[in-house]
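The structure appears below as structure tokens.
The values are calculated or read from the model by the stated rules, or taken from the named source; none is laboratory data. No experiment lies behind these values; they were computed from the predicted model shown. Cβ: placed from backbone, ideal geometry, glycine included. Neighbour counts: every protein chain shown. These accessible areas exclude ligands, DNA and RNA; they are computed on the full protein's heavy atoms, side chains included. Shrake-Rupley method; radii C 1.70, N 1.55, O 1.52, S 1.80 Å.
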Amino acid sequence: MKISVVVPTYNTDPKALSRLVDSIDKQTMNKKEYELIFVDDGSTTDIYDKLKELEESRTNVLTKQIPNSGWGSKPRNIGVNMAHGEYILFLDHDDYVFPEAFERVYEYGKQHNADVINGKEVRTKGWSWGWDNFKENNPSAEKMGIGSMLPMTPHKFYKRKFLLDNNITFNEGARVLWEDVYFNTKVFTSGAKVAVLSDYPTYHWISTGANSSSSFGRDPHEKWAQLRKLFTFFKETIKDENDLKYMIRHWYQSRVLGILGNWLLDKSEERINIEFNYARKLAEDFVEESIDAEVTPINKPRAYLLRKGKIDELKLLAKHEQKITARSYVSDDIHWSNGKLVINAKAEMTFDEKELFKLRSEEHQILKEIPDVLKDELPKEVLNVTDYIKSSTYEASILGRDTRETWPVPADNTIVDVTPLNANEMKVFGEINFKIDLDKAAMGRKLDQQPWDIAARFSALGYTFHRGLVAPKGLGKAALINGHTAVAYKNKSELLTIDIGSKVRSVVGTSKPKQSDIKYDSKNGQLTIRLKNTHVHGLTKIKGHVILDNDDVNNGISYKVPAYLIGDKEGARVTASIKLPKGKYWITTLFEGRRSNTKLYVDTVNTGIFKIKNWIGK
């Protein structure tokens, strides 16, 4: 047995269960080589009956029900002991896996003798999940340190023998926040060899808001008690100094300093005071002050004010920073070239796109600009961003609207820098030029047929803005590329999308042929619609239909005839063969399931013969 999938269930939504099982059934790995283990945590619905039905109808399904433990930890531990596979995947009951996941992960793990395969994970919401971790395959990722386990979800493939030999289990209890962080930390500190698989999405984490930990943070006393417990665990468990510092710094920034921004602006005074005091005490007990110098520029002032106990100043700083953003705009020269979409974009850091975000130059240093009332409270060293300008980045990405997989797109040129506004002030800007190759954009693989939303990730001074690219007004660029249709267009949110496979936009409709582009040879019954505005690369021939509706309102006849959408060295066109009776016929095209009412017509009373050679290259 190669793979065991352990699924803890509790009152699982039948639709989610069906989706999960369907994704397992679609695996390219032979069904005899993997098993599916459901451990139900005392559900109060009939879901366990459905699980038993699955077990009875399949040879690779095991089920077990236990008294309610209140968390997913105990079911997972029991599942490990039931498993027979060489590798174990912990799959949440409302998530699913991608079709080639088992086969690719197993081969990759065996090839590199990995104890853990950290496969590319995608989430329902957001652009950036796992952005830094899944940029490339890394068969020896443990050399990077404990950060190789990020994101620290349990949605990885773990060698079963490694878990058993090292007695690694999930912490059990009715509420064990961050049980996956404890688990993965145990795994790494036990000497796991970690392989990161980035070139294929393996796991889809569905964000429903209905999981057991969704109530996290409602009780601040529980939250901070759990955080202190976690920091204590780090100190006691992680022996490598660099790994310990990494985890302390990571959690200090995300869970402690992270609440000292916008969070302060919409909570009650009582709640703010409670959490601020807990945060200050945690920093004092667990975080060495030297780490404050290693946090991002956005967090340095926060760390300073936290240790000084300056809660009112933190609120002023949060209010000042709350609307900082950087939105990217595509230039009007976007176009297809040699089968690739060529994109140039620019961005500036602003306050809600209404006012420039400014830095100030002082004594050969670049400092963050802050309200005057805070200038006496914050020393220059926590405002100095001079060295951080060079490390700023501007990157492009694509996101599958259906599959939610995000891929980085290599840039031809990119820059993030500052430019003077006057003698003392400057702005932060970025420029990026890149091409999207549909045949290779998914880290060397073709993009699937679905809409792909295009975004830019602007990272500067500790801020990161991963946002959709704003498309030029009226954008619609059609292409026929190596057997596929593609349309770059401005979507309803005014952002840039590439539709592959006519899921949203049709090539014919986007090309907007004119009446002069319609030619009908009545002698041979040959209809041709030339698509002058469609880019062609390689050979494309897609079968579909043309629908011809007679103009006679009383005796109108409709013809639906086979047609082809063609792209070759002679250009882009639609062709169909039919001998029509005399009359006027309105044209609708149907390719890849998408109709396009051209609002054009064939007039067999007044028609001529069109020769392709007359418009080659026009």
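Considering the stretch 311-339 alone, what residues qualify as being open to solvent by less than 30 Å² (accessible area, probe 1.4 Å) and either touching a strand residue (DSSP E or B) at 6+ places or on another chain (Cβ under 9 Å) or assigned to a loop (DSSP other than H, G, I, E, B) (or both)?
Pass one, the stretch 311-339, residues open to solvent by less than 30 Å² (accessible area, probe 1.4 Å): 311, 314, 317-318, 321, 324-326, 328, 330, 334, 336, 339.
GLU321, ILE324, THR325, ALA326, SER328, VAL330, ILE334, TRP336, GLY339 - these are the residues of the stretch 311-339 that are open to solvent by less than 30 Å² (accessible area, probe 1.4 Å) and either touching a strand residue (DSSP E or B) at 6+ places or on another chain (Cβ under 9 Å) or assigned to a loop (DSSP other than H, G, I, E, B) (or both).
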Residue identified as of a type in the set (S, T, N, Q) and closer than 30 Å to SER23 by Cα among THR386, THR403: THR403
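Report those strands (runs of 3 or more DSSP E) wholly inside the stretch 4-116 carrying at least 1 residues which are farther than 28 Å from SER190 by Cα and open to solvent by less than 30 Å² (accessible area, probe 1.4 Å). Spell out how you get there, then give the answer.
On the way: elements: 34-40, 61-65, 87-90.
So the answer is 34-40, 61-65.
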Could you say whether any residue in the stretch 282-292 is assigned to a helix (DSSP H, G or I) and closer than 21 Å to GLU321 by Cα? yes
The lone condition ILE298 fails out of (1) of a type outside the set (Phe, Trp, Tyr); (2) open to solvent by 10 Å² or more (accessible area, probe 1.4 Å); (3) more than 31 Å from the chain's Cα centre (by Cα) is (3)
For the stretch 238-257, which positions are open to solvent by less than 60 Å² (accessible area, probe 1.4 Å), of a type outside the set (D, E, K, R), in contact (Cβ under 8 Å) with a residue 12 or more places away in the chain and part of a helix (DSSP H, G or I)? MET247, ILE248, TRP251, TYR252, GLN253, VAL256, LEU257
So in the stretch 161-200, with the set limited to residues that are farther than 21 Å from TRP131 by Cα and among the hydroxyl-bearing types (Ser, Thr, Tyr), which one is surrounded by the most Cβ atoms within 10 Å (Cβ to Cβ)? TYR182
If ASP499 satisfies all but one of (1) open to solvent by 10 Å² or more (accessible area, probe 1.4 Å); (2) among the charged types (D, E, K, R); (3) under 23 Å from the mean Cα position of the chain (by Cα), what's the number of the condition it fails? (1)
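Got a number for residues in the stretch 388-414 being within 20 Å of the chain's Cα centre (by Cα) and part of a strand (DSSP E or B)? Explain how you work it out, then say what you get.
To start, the set of residues in the stretch 388-414 that are within 20 Å of the chain's Cα centre (by Cα) comprises 393-411.
Cutting the leftovers down to part of a strand (DSSP E or B) gives us 393-400, 406-409, 411.
Number of matching residues: 13.
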The lone exception for ILE146 - which of (1) surrounded by 21 or more Cβ atoms within 10 Å (Cβ to Cβ); (2) in contact with a strand residue (DSSP E or B) (Cβ under 8 Å, 6 or more places away or on another chain); (3) hydrophobic (A, V, I, L, M, F, W, C) it fails: (2)
For ILE272, are the conditions met, namely being among the β-branched types (Val, Ile, Thr) and in a helix (DSSP H, G or I)? yes
If you check TYR34, TYR48, which single one turns out to be more than 20 Å from ALA101 (Cβ to Cβ) and of a type in the set (Phe, Trp, Tyr)? TYR48
Qualifying residue in the stretch 599-607 (condition: closer than 12 Å to ARG530 by Cβ, part of a strand (DSSP E or B), modelled with pLDDT of 95 or more and open to solvent by less than 40 Å² (accessible area, probe 1.4 Å)): yes
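Could you list, in sequence order, all residues of the stretch 377-414 that are β-branched (Val, Ile, Thr) and touching a residue at least 24 places away in the same chain (Cβ under 8 Å)?
Quick first cut of the stretch 377-414, residues β-branched (Val, Ile, Thr) only: 382, 385-386, 389, 393, 398, 403, 406, 409, 414.
If the condition is that a residue be β-branched (Val, Ile, Thr) and touching a residue at least 24 places away in the same chain (Cβ under 8 Å), then VAL382, VAL385, ILE389, THR393, ILE398, THR403, THR406, VAL409 are the ones that fit.
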Take the residues of the stretch 359-378 that are closer than 23 Å to ASP312 by Cα and open to solvent by 20 Å² or more (accessible area, probe 1.4 Å): which is nearest to the chain's Cα centre (by Cα)? GLU369
Among residues of the stretch 178-233 being at positive phi and at pLDDT 95 or above, the residue nearest to the chain's Cα centre (by Cα) is TRP178
Just checking, does the stretch 340-358 include any residue being among the basic types (Lys, Arg) and open to solvent by less than 20 Å² (accessible area, probe 1.4 Å)? no
Yes/no for TRP205 being of a type outside the set (S, T, N, Q), in contact (Cβ under 8 Å) with a residue 12 or more places away in the chain and in contact with an Asp or Glu (Cβ under 6 Å, 6 or more places away or on another chain): yes
Collect the residues in the stretch 546-575 that are buried (at least 20 other Cβ atoms within 10 Å of the Cβ) and over 41 Å from the mean Cα position of the chain (by Cα), keeping them in residue-number order. LEU548
Need a quick list: strands (runs of 3 or more DSSP E) entirely within the stretch 415-498 having at least 1 residues that are touching a residue at least 40 places away in the same chain (Cβ under 8 Å) and of a type in the set (Phe, Trp, Tyr). 425-437, 451-460, 463-468
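Quickly run through the stretch 518-532 and pick out the residues that are without any contact (Cβ under 8 Å) to a residue 60 or more places away in the chain and crowded, with 17+ Cβ neighbours inside 10 Å.
LEU531, the sole residue that qualifies.
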Taking the options SER493, SER502, name whichever one is out of contact with any Asp or Glu (no Cβ under 8 Å at 6 or more places or on another chain) and farther than 24 Å from PRO410 by Cβ. SER493
